[in-house]
Amino acid sequence: MPTRPELASSVILERDGRYLLVRRANPPSADMYAFPGGRAEPGETPAETALRELLEETGIGARNPVLFETYDLPGKESEGRHFLLSVFKAEADKDAVAIASDDAAGLGWFTPDEIFALPIPDSVRECVERLARGDGESATADFSLESAANSSLMKS
């Protein structure tokens with residue numbers, strides 16, 4: 001019997017044409033660079049998950065999350081675990097300093113060209129390609145992770 005997908009969220013922060021990425025210390029995607037993010041806790045909306053994970057991994061508090069893209073990751077990027085990933089764009093104070101913590105082994109602000117040279121999941125590559133093209137509008141997905149958060153996917 002297939003397992004229920006786990007809900008996860010990540011955050012895109014941009015400063016002067018550079019995007020904040022963390023180097024993952026733990027699976028899934030260990031030693032890969034990705035937007036700060038992680039798994040939802042019971043009762044959290046995807047947006048709440050995104051902001052909490054950003055704060056835990058980087059020390060940066062953000063606001064005004066806007067859904068950018070959603071991904072159904074059945075296992076290729078997530079080492080066999082099935083995730084429903086919500087990627088949000090958010091705002092943070094320009095002077096906020098990012099410090100790697102929690103499960104982030106490192107972090108940095110990277111241009112799109114620098115990001116494409118790093119080990120990154122396909123979902124990050126697709127988001128950065130959209131951002132580099134100037135396609136920064138929010139997602140219009142076939143499914144809504146906000147709805148999934150309120151469905152049986154969040155019940156244990």
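Note on the range 90-130: residues that are over 19 Å from GLY59 (Cβ atoms), within 14 Å of the chain's Cα centre (by Cα) and not β-branched (Val, Ile, Thr) total 6. Identify the residue in the range 80-109 that is in contact with a strand residue (DSSP E or B) (Cβ under 6 Å, 6 or more places away or on another chain) and over 24 Å from THR45 (Cβ atoms) and, among all such residues, is surrounded by the most Cβ atoms within 10 Å (Cβ to Cβ). Looking at the filtered set, the residue picked out is LEU107. SER10 passes every criterion in (1) modelled with pLDDT under 95; (2) touching a Phe, Trp or Tyr at 6+ places or on another chain (Cβ under 7 Å); (3) among the polar types (S, T, N, Q) apart from (1).
Counting residues that are among the aliphatic types (A, V, I, L, M) and either touching a His at 6+ places or on another chain (Cβ under 7 Å) or buried (at least 23 other Cβ atoms within 10 Å of the Cβ) (or both), which strands (runs of 3 or more DSSP E) fully inside the range 1-72 reach at least 2?
Output list reads 6-12, 18-24.
All of (1) touching a Leu at 6+ places or on another chain (Cβ under 6 Å); (2) over 13 Å from ALA8 (Cβ atoms) hold for SER101 with one exception: (1). Among residues that are touching a residue at least 12 places away in the same chain (Cβ under 8 Å), surrounded by 19 or more Cβ atoms within 10 Å (Cβ to Cβ), under 15 Å from TYR19 (Cα atoms) and of a type in the set (A, V, I, L, M, F, W, C), LEU118 is not included.
The values are calculated or read from the model by the stated rules, or taken from the named source; none is laboratory data. Keep in mind it's a predicted model, so treat the numbers as computed, not measured. Please note: Cβ atoms are built from the backbone with ideal geometry, for glycine as well, and neighbour counts cover all protein chains shown.
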